[in-house]
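J.: Shown below is the structure under consideration.
The values are calculated or read from the model by the stated rules, or taken from the named source; none is laboratory data. Quick caveat: nothing in here was measured; it's all calculated off a predicted structure. Glycine also receives a Cβ, built like all others from the backbone with ideal geometry; neighbour counts cover every protein chain displayed. When the accessible area is computed, the model is the full protein with side chains, heavy atoms only, and any ligands, DNA or RNA have been set aside. Shrake-Rupley method; radii C 1.70, N 1.55, O 1.52, S 1.80 Å.
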Amino acid sequence: MTTYERRQSLMEILRKQPGLRVPELAKALDVSEGTVRNDLNALEDEGRLRRVHGGAVLNEHDEFQNTSFMRRYKQNVAAKLAIAREAATLVNDGDSILLDASSTSYFLARELFGRNKLRVMTNGFEVARELAQNTSNTVILIGGVVNNDSSSVTGLLSEQIIAEMHIDKAFFSCSGFSVERGMTEVHFEEAQLKRKAIESSKQVFALIDASKFGKEDLTPFARPVQITHLFTDSSITEEWKTRLQWANIPFTACSENPVHPW
């Protein structure tokens, strides 16, 4: 295999199995970890991917259908990957799950490539597209009004559909979080839809990278008492760990070497 062919194979592996680390890539390609690192560095120099701790994520300009989602996708990549990997361990074959339209939920969707026969509800176009690639899954894109950034759907029709659903596990991100108000959103319509989804869900999992702690946006949608478990990244401060413990919110600080849940 030539260098070019190996690097094309590397890109294809990352496209199909995002989040693989260097040792896993080396095993898949039957080469040394040093060779994989050199290839990743070369592909990053070409602008085709971005290195993150332990591996890489693709940086293809045509991967998404709108630039707004692309901007969110590129923010805090390592933290979102760590959160997604840990949250994915909660999902089993055949589960009925709901994922919101956030970029963190999209990372979670990509981590679920090995799960089968999932029943998925989402208001996110990119999340739906990702999970629908597995034909054993049933993916319901919740109907309603397409939002301005063309990456999600909200509105009364969406809320009515969710109210009739039975959801085992719901996964939400947010634009801000505090222990006083819980999870908050910039857009009222998005927050209202998430409130309805929580009412129909047995368990609610919060996917919140540490950059969002202490920020409060316009509309709260999930009170701290409604959160079954919160996943954040390893950059969480000791002060915020104490605050979450004080508020009795179970949480996991996710990293390449996972920290035990609190």
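J.: Looking at 71, 15, can you tell me which residue is part of a helix (DSSP H, G or I), among the charged types (D, E, K, R), at pLDDT 75 or above and open to solvent by 70 Å² or more (accessible area, probe 1.4 Å)?
T.: 15
J.: Applying the selection to the range 74-120, what residues are in a strand (DSSP E or B) and open to solvent by 10 Å² or more (accessible area, probe 1.4 Å)?
T.: 119
J.: I've got another one for you. Find the residue count for the range 232-245, including only residues that are open to solvent by less than 80 Å² (accessible area, probe 1.4 Å), more than 12 Å from residue 212 (Cα to Cα) and in contact (Cβ under 8 Å) with a residue 40 or more places away in the chain.
T.: 2
J.: Assuming residue 262 fulfils every condition listed in (1) modelled with pLDDT of 95 or more; (2) assigned to a loop (DSSP other than H, G, I, E, B); (3) open to solvent by 10 Å² or more (accessible area, probe 1.4 Å) apart from one, which condition is it?
T.: (1)
J.: Open to solvent by less than 20 Å² (accessible area, probe 1.4 Å), in contact with an Asp or Glu (Cβ under 7 Å, 6 or more places away or on another chain) and in a helix (DSSP H, G or I), is that true of residue 191?
T.: When the stated conditions are applied, residue 191 passes them.
J.: Closer than 22 Å to residue 90 by Cβ and either assigned to a loop (DSSP other than H, G, I, E, B) or out of contact with any strand residue (DSSP E or B) (no Cβ under 6 Å at 6 or more places or on another chain) (or both), is that true of residue 225?
T.: So residue 225 fits the description; yes.
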